[in-house]
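Down below is the structure, laid out as structure tokens.
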């Protein structure tokens, strides 16, 4: 029998189970009836790892530990939580899967849930050209209580969660994230070492397209004292945005050129498969073949307590781990795969109201200021003569302090030529500060709506807008990057695999969220970029 390391539950965490009538055995629990969104740890499911804090993760793992113990003891009343409730879960797998699909199926059945859906698009209406949205609509209309989705497009799970009113679980979306895999990975690490902090973790293989390593790195960065050691072929590095986010959270990230130099100090080594199916260029795979292989010689150099993990499958033609290591006591990837059942049972139970959890010591989340317009005092100045750009004499708007060369983008977005507006634009050098270059746009007989001001703020944060009447400024605004950028014609996510891209014909309107003064992330695929990078395609 597998011995479990104790999983600590911090003070303030309580896991409550519901009795067979569907009511909580604890008097403080608010029971939610079928088809209503449950008041649970993640009542909308689990879309990405960003929605979970350290405390929430530890609470899920605590419930998973209890369920695993019940499964090992075959204590059916302790883990068959659905009992007399009628709950139906749809598994929608647009990509091949063995472990994720099977473990979700087994998890649902162990809980007492019913299953429907498909494990392949062959034989489904997807082959007839049906969109993801319409497929989701059908299973929502059939009154399913949760959806488990695997899809090749980045951000598909986010789109699904927005589309339906039931919990959605991301079982892997493109090269984006695989959060339910990360939960079982964390559970496995916790079993091995009894903690999730102050660890030396190695990640190797396909770090560019490997959604398991992306999500695991982000999750481990929530815990203090961890160091991530990265090794990959030169053409398959970990995305820089993930590395930078981990570092800003205080996680040390070390990049290695070989497995030999990183293995001796590791507590966990996480090897991944080279994902040929996600590489648009066949030559990329040929270069990736040079990825390091974990051998018995490397295993012999590891320290006490070391654990070798792999999300599986291992490609037999190009194995990242040699077969003779399968039976080694430090090879824990079979245990890791098995942990998919209790951890996914825990997630389903919490989302469907079969178990309720109270988190009372959450860290406060810093709020981002909501407004993007700041009113500045108006200073009356005489009309300037002898300048290179003729000022507006009657009424209109002057947009100043623009990012250099962004005027043409704004002229297109504001439809100046389509409206036959009289306007002047230029990139100019300051007379007083010759090193200061800025853009300017003057539009006669025009006021800007709030939506248009937001557009200007998105293209060029820091711009100033002057409303002119009778040659005088009557209002001056300073613009900051809005919290959300959306509704801008011809604006697309630069990530070709994002579900919001028009070529995928999923009709998902692109949306971008502010994460810094001049940084945004796609709401669907998490692609991080500057606003200059975001609007680069419009300028072409």
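Tell me, please, whether a residue that is within 36 Å of the chain's Cα centre (by Cα) and touching a residue at least 12 places away in the same chain (Cβ under 8 Å) can be found in region 422-433.
no
Which of the residues belonging to region 95-145 are within 25 Å of residue 333 (Cα to Cα), without any contact (Cβ under 8 Å) to a residue 60 or more places away in the chain and either crowded, with 17+ Cβ neighbours inside 10 Å or more than 27 Å from the chain's Cα centre (by Cα) (or both)?
105, 109, 119
Which ones in region 154-165 are surrounded by fewer than 24 Cβ atoms within 10 Å (Cβ to Cβ) and touching a residue at least 40 places away in the same chain (Cβ under 8 Å)?
The answer is 161, 165.
Sort out which residues of region 341-361 are at pLDDT 55 or above and assigned to a loop (DSSP other than H, G, I, E, B), and write them in order of number.
Listed by number, the residues that qualify are 352, 353, 354.
To keep it simple, each residue is scored yes or no on (1) buried (at least 24 other Cβ atoms within 10 Å of the Cβ); (2) at pLDDT below 95; (3) assigned by TED's automatic domain parsing to the domain that holds residue 64.
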| position | (1), (2), (3) |
| --- | --- |
| 204 | yes, yes, no |
| 210 | yes, yes, no |
| 218 | no, yes, no |
| 223 | no, no, no |
| 227 | no, no, no |
| 230 | no, no, no |
| 233 | no, yes, no |
| 239 | no, yes, no |
| 243 | no, yes, no |
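The values are calculated or read from the model by the stated rules, or taken from the named source; none is laboratory data. Because the structure is a prediction, the values reported are computed rather than measured. No Cβ is skipped: glycine too gets one built from the backbone with ideal geometry, and neighbour counts run over all protein chains shown.
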